[in-house]
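What follows is one structure encoded as structure tokens, with my remarks underneath.
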Amino acid sequence: QVQLAESGGGLVQAGGSLRLSCAGSGRTFSGYAMGWFRQAPGNKREFVAVISGSGGMRSYADSVRGRFTISRDNAKNTVYLQMNSLKPEETAVYYCAAAKTGWPTRGEYDYDYWGRGTQVTVSS
């Protein structure tokens, strides 16, 4: 069982930056691929970024590539999402998730554990 808790959300102006953190429990944290997803009101949850268990592989949604960076510190059981040049349309609840496979998958149904989310609001 893995428990995840996101933090770092808040209100930021367009063009600003935020760094999200996701703290996980469990001694096998490094074995999980960790993903970030987001869901805006009335929209489906969408993939944002993923990192493999070792941190050696990363993948991003086209819409955030070059602006967002996913990283992890397995010694701290934490994964991060650095978000730069934020846009108002990126206002959403951001979720982190853990996949037992360890492989950097984009499919939300591949994930086994989810956090409760953190709100990110980007004002124009």
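Details
- Fraction of accessible area attributable to carbon and sulfur, the chain (%, probe 1.4 Å): 45
- Ranked by how many other beta carbons lie within 10 Å on average, peptides 24-31, 9-16 from highest: 24-31, 9-16
- Dipole magnitude for region 12-124: computed about the Cα centre from +1 point charges on Lys and Arg Cβ and -1 point charges on Asp and Glu Cβ, it is near 180 debye.
- Taking Lys and Arg as +1 and Asp and Glu as -1, the other residues whose beta-carbon sits under 15 Å from that of Tyr94 total +2.
- Three principal axis extents of the chain based on alpha-carbon atoms, in descending order, are 41, 27, 24 Å.
- Rel. contact order, % - alpha carbon contacts under 8 angstrom, at least six apart, the chain: 37
- Where region 1-92 is the region considered: accessible area per residue in Å², 1.4 Å probe: 49
- Accessible heavy-atom area order of Glu108, Glu89, highest first, probe of 1.4 Å: Glu89, Glu108
The values are calculated or read from the model by the stated rules, or taken from the named source; none is laboratory data. Just so it is clear, the structure is predicted and the values come from calculations on it, not from any experiment. Please note: Cβ atoms are built from the backbone with ideal geometry, for glycine as well, and neighbour counts cover all protein chains shown. Each accessible area value is taken on the protein alone, full model and side chains, heavy atoms only, with ligands, DNA and RNA left out. Shrake-Rupley method; radii C 1.70, N 1.55, O 1.52, S 1.80 Å.
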